[in-house]
Amino acid sequence: VQLQASGGGMVQAGGSLRLTCTVSGRTFRSYGWFRQAPGQKREFVAAIVSYSSRKIYYGDSVKGRFTISRDNAKNTLYLEMNSLTPEDTAVYYCAAGDPIISYVSLSDGYRNWGQGTQVTVSS
């Protein structure tokens, strides 16, 4: 299994970026995005899960600004980020796995990770 994240970069506050994560090897029930700023623990951003039905979850700090989506045919995960602020600056990681529902927003729920892509938002 390989996850390859891309799309990070530098943007001014208020701008937008779209992250992409290609997944190869197999499909999973849950795909997520996490981020980690320097000196901070890894933070849940968003997840899209398919158990009995498809559901989407967002971290409180990104609700209403970020949108997670997935192209099943391409096994590719996206994160559309709008209204970015300097507080969104971090390395963003995509993850895939089959966590139980209560672990969907926890990094411990995922065993497969991309390499991370840097997002820097300037004020």
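Derivation of every value follows stated rules applied to the coordinates shown; laboratory data play no part. The model shown is predicted, which means the values in this text are computed figures rather than measured ones. Quick reminder, even Gly has a Cβ in these numbers, built from the backbone with ideal geometry, and neighbours come from all protein chains shown.
Tabulated values for the structure
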item	result
Cα-derived Rg over Rh, computed across segment 56-96 with Rh taken as Kirkwood radius	0.98
Kirkwood estimate for segment 21-65, i.e. one over the average of 1/r between Cα atoms, Å	12.1
Among Val23, Val11, Val45: highest mean-square fluctuation, GNM of the chain, C-alpha pairs under 10 Å	Val11
Cβ charges +1 (Lys, Arg) and -1 (Asp, Glu), total dipole of the chain, debye	300
Per-bin percent of Cα-Cα distances, segment 1-107 [10 Å]	15, 51, 30, 5
Residue-count net charge about Met81 - beta-carbon cut-off 13 Å; Lys, Arg +1, Asp, Glu -1	+1
Paired Rg and Dmax values of segment 51-123, which use every Cα atom, in angstrom	13.3, 42
